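Here the structure is laid out as structure tokens; the discussion comes afterwards.
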Amino acid sequence: MHRVVVVLAFAKAILLTTSCKTNDYQLKTVQGTKTEIDSTLQDVAAITTFIAPYKAQVDAQMNEPLSYNPKAMNKNDFAYNTPIGNLLAGMMREQATGVYKRRTGKDIDIVLLNHGGIRAGLPAGNITMRNAFEVMPFENEMMVASLTGNQVQEMVAYLTASSRAHPIDGLQLSLNKDKSLRSALVLGKPINPSGAYEVLTSDYLYGGGDSMTFFAGAPVTVLDYKIRNAMIDYLRKTDTLKATQDDRYRIEN
């Protein structure tokens, strides 16, 4: 059984003031107590009664069906790309494209999220807001970084070395049997080292999370749009989810 210890501490200080001088205040004593929070604690009836209507309202919102998923999907279903990862990357592109286009006049070339950021799978059947919070419990924001072709090549090198199913869209990677890079395409075309590419990602990854240092110094546009909110908005307008594993990241036979 896991137990959380809450330490309640308070300080006793003697404060002396006069109208004519400035005093130096010093902490005299510190006393602390601890309360173990575990299954032995009982509910407080008055508090439980007070929050009951609010809990019922929140539960109703969280359990509202938003979309339907024909088949359960999890982030470890396949080695290099997964239905859930492909779905999430596609969701982010669809929800962010209009926002970014209106602000900058530019299109999004690549979407990159991280495998570890997917915190739960999607069950078969009705998908609710609660499921969205389980998949994306963090407050991460969508951002679009303007990368050079050389930075995109650094991204490709990172993804090739990681051999993980990081959610991507717009980028197609092909590896040889020894896991060396065979080809890398952006929207079906080879990467131009002197070109410019708009990459939709999260604030966490843009800041170097998961050792994705290739974003360093890149101009960025903050969309003021949380990844989880984008997911919920997509689910609300989509009756039935469609997601498959494809050839966006694969090893050649």
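The values are calculated or read from the model by the stated rules, or taken from the named source; none is laboratory data. As the structure is a prediction and not an experimental result, all values here were calculated from the model. Positions of Cβ are backbone-derived with ideal geometry, glycine not excepted, and every protein chain shown enters the neighbour counts.
Residues that are modelled with pLDDT under 90 and either surrounded by 13 or more Cβ atoms within 10 Å (Cβ to Cβ) or touching a helix residue (DSSP H, G or I) at 6+ places or on another chain (Cβ under 9 Å) (or both) were ranked within the stretch 59-75; the one that is nearest to MET129 (Cα to Cα) is MET62. Where the second residue is surrounded by fewer than 14 Cβ atoms within 10 Å (Cβ to Cβ) and of a type outside the set (D, E, K, R) and the first is assigned by TED's automatic domain parsing to the domain that holds ALA218 and lies in the stretch 150-179, which pairs have Cβ atoms under 6 Å and are six or more apart or on separate chains? Pairs that qualify, where the first residue is assigned by TED's automatic domain parsing to the domain that holds ALA218 and the partner is surrounded by fewer than 14 Cβ atoms within 10 Å (Cβ to Cβ) and of a type outside the set (D, E, K, R), are ASN150/PRO193; GLY170/LEU187; SER174/SER183. Does the stretch 102-115 contain any residue that is part of a helix (DSSP H, G or I), under 23 Å from TYR204 (Cα atoms) and either without any contact (Cβ under 8 Å) to a residue 40 or more places away in the chain or not β-branched (Val, Ile, Thr) (or both)? Yes, the stretch 102-115 has at least one match.
If you go through the stretch 132-189, how many residues are touching a Gly at 6+ places or on another chain (Cβ under 6 Å) and exposed (fewer than 15 other Cβ atoms within 10 Å of the Cβ)? Total satisfying the criteria: 1.
Checked against the criterion of being more than 27 Å from ARG119 (Cβ to Cβ), of a type in the set (D, E, K, R), in contact with a Ser or Thr (Cβ under 7 Å, 6 or more places away or on another chain) and not in a helix (DSSP H, G or I), the candidates ARG250, ARG182 yield just one match: ARG182. Within the stretch 64-81, the residues that satisfy the criterion of being within 21 Å of the chain's Cα centre (by Cα) and either in a helix (DSSP H, G or I) or of a type outside the set (D, E, K, R) (or both) are LEU66, SER67, ASN69, ALA72, MET73, ASN74, ASN76, PHE78, ALA79, TYR80, ASN81. Of all residues in the stretch 151-179, those satisfying the criterion of being not aliphatic (A, V, I, L, M) and not in a loop (DSSP other than H, G, I, E, B) are GLN151, GLN153, GLU154, TYR158, THR160, SER162, ASP169, GLN172, SER174.
Set side by side, the residues VAL186, VAL156, VAL220 differ, and just one is under 21 Å from ARG103 (Cβ atoms), hydrophobic (A, V, I, L, M, F, W, C) and modelled with pLDDT of 95 or more, which is VAL220. Here ASN192 meets each of (1) under 24 Å from ASN229 (Cβ atoms); (2) outside any helix (DSSP H, G or I) with one exception, condition (1).
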